1. If we count every other residue with Cβ under 11 angstrom of Ile245's Cβ, Lys/Arg +1 and Asp/Glu -1, where does the sum land?
2. If amide H atoms are built 1.01 Å from N in the plane of the peptide, which residues on other chains or at least 5 residues away come under 5 Å of the amide H of Ala631?
3. At a Förster distance of 45 Å, what's the computed FRET efficiency of Asn250 paired with Gln634, Cβ-Cβ distance as r, to 0.05?
4. Under the classification rounded if a/c is under 1.5, otherwise prolate if a/b is larger than b/c and oblate if not, where does region 157-262 fall, given a ≥ b ≥ c as square roots of the Cα gyration tensor eigenvalues?
5. At 0.36 nm per residue, and after removing the present C-alpha to C-alpha distance, how many nm does the segment from Trp678 to Arg543 gain when stretched out fully?
6. Under 1.5 on a/c is rounded, so check that first for the chain, then, if it is not, pick prolate when a/b is larger than b/c and oblate when it is not; a ≥ b ≥ c are the square roots of the alpha carbon gyration tensor eigenvalues.
7. Which ³J(HN,Hα) values in Hz, rounded to whole numbers, follow from the phi angles of region 93-109 under the Karplus curve 6.51 cos²θ - 1.76 cosθ + 1.60, where θ = phi - 60° and Gly and Pro get x?
8. Which angle between 0 and 90 degrees, to the nearest 10, do you get for helix 48-62 versus the longest principal axis of the chain when only C-alpha atoms count?
Amino acid sequence: MAFAACTKEQLPVADYDIIPQPKEVQLNEEKPFELGPKTLVYYESGLQREAQFLSEYVNDIMGYVLQMQEYQSQPDGIVLKVVPEDFDQAEAYEINITPKQVTIKGADAAGVFYGIQTLRKSLPISPIDSSQPTNQRRNDMGEPNSQLSTSNSQLTLNSKLSTLNSQLPCGTIKDYPHFAYRGMHLDPCRHFIPLDSVKVYIDMLAMHNMNQFHFHLSDDQGWRIEIKKYPELTEIGAYRNGTVIGHNGNLYDTIRHGGFYTQDELRDLIEYAAERHINIIPEIDLPGHMQAALACYPHLGCTGGPYEVWKRWGVSEDVLCAGNEETMLFVEDVLNEVMDVFPSPYIHIGGDECPKVRWEKCPKCQAKIKELGIKKDDKYSAEDYLQSYVMNRMAKVVEARGRRVIGWDEILDGNVSETAIIMSWRGTEGGIEAARKGHDVIMAPSSHLYFDYYQSEDIASEPMCIGGYLPVERVYEFQPLPEELTPEQQKHIIGVQANIWTEYIAHFWHVQYMALPRMEALTEIQWNNPQERDFDAFVERCRHMAQLYELYHYTYADHIFNPQVWADTVEANLATHKPISLRQQPAEKYTYEGASLLNDGNLGRGAYNSGRWLGFCGYPLDAIIDLEQPAEMQHVRFHALVNKGAWIYNPSQVKVLVSDDGETFREVAQKDIPISTWEDRDGIFAYEVGFEPVTAKFVEVIITGYDLPEDHSGFGNPAWIFVDEIEVE
Ligand code: ACM
Ligand code: ZN
């Protein structure tokens, strides 16, 4: 009966409902193509590497290597070829599956590669074998294993072999990308990421049909690329002597952290990525985010230092001195060496978060402003225009070598040259403005595409990260082509990218966890930008990808498969749905439907910006609830959120007052609450205050916040309180 269990009808079947979803899949009823260890791959010259990838992927998933040959006429097997004249655009592909042949035809080699990715993602994954490391599952010669290959029993061999085979339903798949630029970013500066891990990241990008890898190689906390003309950049600038702990502003470890990539290593990485049809865009972030470089060459800063490779997060006020010609020549040298290493058509020169406080006081910077005849106007300061001078000067250096610059959207402040591509990160507004001005634009808004934010509302159960809340659903909703733009202006939106900053990501498993599965939603937008979005259907397609992640031992977040069941409602109590007013409204951003949120019967949940909390800063929550008739009560309960890194603390005190007429209130209870410390976890907490039973028609609840304590980076400012669902019983 073991044989019967392996009949052909039961062969595992490929499923083309993958991520990103192919544009067109037409299946027919012909006998499926049977993929097995004897299947041959035929490739046109120029596609040998693609053939190898296919063979490797099949080995990873099925456990056998496919043999490869150069193309012959009408062979049986899998055929790879490039036929540009059959396609309207680059990177497109078509797969034809017949009983005897699978043809993957591309507009170019990249198209063939994406066709291979589609085939790979369609293959059934054996639940038995996926638990074993892929390279040990079977030997590399396409034999099932040594025991089987020496077996004399044809029956046993066949039955075992047939379990290695799988069926590819016949039909045609036609596919092409929506956006030409499909990127992911990675920050190895805040935490260094070893080269081998970066290669795995590139593998992940390839699996998700991405073609641009934005590599953020310099920042305040570490310089990561060898520059031969300035060796101190990596001798000194690649290491810091401590790192701020958690979200605390003042506590540091004393561990020397760092690392860098040699130019040879980067060339190897560039080749690795290019084989996978991925271009690496190096970023040298200037003129801000340069403290690591200043630590090596203090004379390049406005004050002359001394500076240290920064041990904390945030935006350093110490930036490159824009008035010092030597500084400008340094940057030009660096960019030229970067371009010697990276063949990328795009060079990212940063431009974000450059405070101007040093420039305002620096004689050299002010002299430069004079020399250039820069005048401030209603919109921008002289220092903003000075930054434009720096960016435009560097753009010329880049353009002189036939490349284009990319800059963060801050570079729109001033008069940056129209040739610069704008990467819109502070929302989509910068991208909209840029497209209107004629810039090409890459959309990477933090609102939808910052994968360093939390992806679950249950932050107490998540690895700590920078904050925010950005679940897969929200990524999947992102509309990269703003309606405010005309179709002509929309053509300037050349692509979409997500970013992973690593302040709170010290390990590569955590990078993967933050990326996956949000990259799946991203690739749907980049590759398809679908008009209709069906999140539930998307989640079903994610399931197979999760199997693939497990096969490759990628760490991924599984919230979409295990939706969190939150206690959503509270039991009806005296306060529920009664008229409620606030003596002072919440902060505008955190008001939502206003006071009635506090007693709508639904519990506060999720992150502070989930719409389920009212936020107050610098003054108490002071709510008056009209119970509509006198009622006896003896306790008040409420929930508050604590997220210390986001300046949100527990309340310091709660007071309860009652009144019969709604005018004159008398205090019945007061309770002080100790401040949360860095040793305490963040999360959602319930607070309760009891008192002698009292009968009244009105109840007033005053919830006061703390000021940020001395060990917090925001010391001296008021902390926020986020409160929801006041219950009275
Ligand atoms: C950025 O997130 N500062 C570009
Ligand atoms: Zn200066």
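The values are calculated or read from the model by the stated rules, or taken from the named source; none is laboratory data. Given the structure is predicted, the values throughout are model-derived calculations rather than measurements. Positions of Cβ are backbone-derived with ideal geometry, glycine not excepted, and every protein chain shown enters the neighbour counts. Ligands, DNA and RNA are excluded from the accessible area calculation, which covers all protein heavy atoms including side chains. Shrake-Rupley method; radii C 1.70, N 1.55, O 1.52, S 1.80 Å.
1. Details: positive: Lys311, Arg312; negative: Asp253, Asp711.
That works out to 0.
2. Ala696, Lys697
3. Numbers: r = 42 Å, r/R0 = 0.94.
Once rounded, the FRET efficiency stands at 0.60.
4. Values: a/c = 2.79, a/b = 2.21, b/c = 1.26.
Judged from the Cα gyration tensor, region 157-262 comes out prolate (a/c at least 1.5, a/b above b/c).
5. Details: separation 135, 0.36 × 135 = 48.60 nm, distance 3.76 nm.
Roughly 44.8 nm would be gained on extension.
6. Numbers: a/c = 2.15, a/b = 1.30, b/c = 1.65.
Verdict is oblate for the chain.
7. Running phi through 6.51 cos²θ - 1.76 cosθ + 1.60 with θ = phi - 60° gives 8, 9, 10, 10, 10, 10, x, 10, 8, 10, 10, 10, 10, x, 5, 7, 4 Hz.
8. With both axes taken from Cα atoms, the answer is about 70 degrees.
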